[in-house]
1. Please specify each residue of the stretch 73-87 satisfying the condition of being surrounded by fewer than 17 Cβ atoms within 10 Å (Cβ to Cβ) and within 7 Å of the ligand (Cβ to nearest atom).
2. Given the structure, is Ser49 more than 12 Å from the ligand (Cβ to nearest atom), among the hydroxyl-bearing types (Ser, Thr, Tyr) and surrounded by fewer than 20 Cβ atoms within 10 Å (Cβ to Cβ)?
3. Please give the number of the condition Lys136 fails out of (1) within 17 Å of His48 (Cα to Cα); (2) basic (Lys, Arg); (3) exposed (fewer than 15 other Cβ atoms within 10 Å of the Cβ).
4. How many residues are of a type outside the set (S, T, N, Q), over 18 Å from the mean Cα position of the chain (by Cα) and surrounded by 13 or more Cβ atoms within 10 Å (Cβ to Cβ) if we restrict to the stretch 140-150?
5. Being more than 7 Å from the ligand (Cβ to nearest atom), in contact (Cβ under 8 Å) with a residue 24 or more places away in the chain and on the phi > 0 side of the Ramachandran plot: is that true of Gly105 here?
6. I'd like to check which helices (runs of 4 or more DSSP H) are fully inside the stretch 14-133 and have at least 1 residues that are at pLDDT below 95.
7. Right, Ser70: within 13 Å of the ligand (Cβ to nearest atom) and either hydroxyl-bearing (Ser, Thr, Tyr) or in contact with a Leu (Cβ under 8 Å, 6 or more places away or on another chain) (or both) or not?
8. Any residue at all in the stretch 112-128 that's within 12 Å of the ligand (Cβ to nearest atom), in contact (Cβ under 8 Å) with a residue 24 or more places away in the chain and among the aromatic types (Phe, Trp, Tyr)?
Amino acid sequence: MIDPTHQGHVRRAHPSDGGAILTLEELFPSDRMSMRSVRRFLTAPNAHSWVAELDGAVVGNLILLTRKGSRIGRIYSVVVAPPARGRHFGERLVSAAESQSAKQGLQAISLEVRADNVAARALYAKLGYQEIKTMKAYYEDGSDGLRLRKSF
Ligand SMILES: CC(C)(COP(=O)(O)OP(=O)(O)OC[C@H]1O[C@@H](n2cnc3c(N)ncnc32)[C@H](O)[C@@H]1OP(=O)(O)O)[C@@H](O)C(=O)NCCC(=O)NCCS
């Protein structure tokens, strides 16, 4: 269905979104997932997934992981398809994860980001995430990683 406002929306992911999520994840090679792991994220009780939808197409997704006994949620993955970027889908996906985390009584969300990922770092800085750790050569290609956290 064509969205008359052309702003799209964010909704909970359904198991039937697996293929679309995998396609999106393949756009972001440093964070590659298998169909098996996508399916697991769509059904596991400790995983929460959302998708961004524009004109009936899935154009973004976010996976939030929680752990029994931990009051810190982890954004495992967030990606928006290049043509849909800049419409605040990233922001809306992260906000959905934050609302769910607060509802579950979590105290904070953490995540890792490549130090050279300008767009993601700007997104998280805008939303109030703070850098709590630098991880030297954290990624396979030798790039540094940053651990970010936002407490509620
Ligand atoms: C990071 C990513 C998810 C952002 O998605 P998006 O929907 O385009 O981002 P939004 O439109 O919600 O942007 C929100 C804010 O982030 C910042 N931002 C987003 N993209 C930016 C860019 N390319 N350069 C600078 N700032 C940027 C801006 O502050 C923006 O707010 P503004 O538009 O009011 O200025 C997207 O670029 C992406 O999928 N990148 C590849 C995957 C990735 O890097 N994931 C993160 C791994 S931790």
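The values are calculated or read from the model by the stated rules, or taken from the named source; none is laboratory data. Note that the structure is predicted; figures quoted are calculated from it, not measured. Cβ: placed from backbone, ideal geometry, glycine included. Neighbour counts: every protein chain shown.
1. If we filter the stretch 73-87 for residues that are surrounded by fewer than 17 Cβ atoms within 10 Å (Cβ to Cβ), which is where we start, we get 82-83, 85-86.
Selection gives Arg85, Gly86.
2. Numbers: more than 12 Å from the ligand (Cβ to nearest atom): yes; among the hydroxyl-bearing types (Ser, Thr, Tyr): yes; surrounded by fewer than 20 Cβ atoms within 10 Å (Cβ to Cβ): no.
So Ser49 fails the test.
3. Going through (1) within 17 Å of His48 (Cα to Cα); (2) basic (Lys, Arg); (3) exposed (fewer than 15 other Cβ atoms within 10 Å of the Cβ) one by one, Lys136 breaks only (1).
4. Step one: list which residues in the stretch 140-150 are of a type outside the set (S, T, N, Q), which gives 140-142, 144-150.
After this cut, where a residue has to be over 18 Å from the mean Cα position of the chain (by Cα) as well, the list is 140-142, 144.
Next, only the ones that are surrounded by 13 or more Cβ atoms within 10 Å (Cβ to Cβ) stay: 144.
Of the residues in that region, 1 qualify.
5. On the way: more than 7 Å from the ligand (Cβ to nearest atom): yes; in contact (Cβ under 8 Å) with a residue 24 or more places away in the chain: yes; on the phi > 0 side of the Ramachandran plot: yes.
So Gly105 passes the test.
6. Working: elements: 18-26, 35-43, 89-103, 118-126.
The qualifying helices (runs of 4 or more DSSP H) are 18-26, 35-43, 89-103.
7. On the way: within 13 Å of the ligand (Cβ to nearest atom): no; either hydroxyl-bearing (Ser, Thr, Tyr) or in contact with a Leu (Cβ under 8 Å, 6 or more places away or on another chain) (or both): yes.
No; evaluated as a whole, the condition is false for this residue.
8. yes
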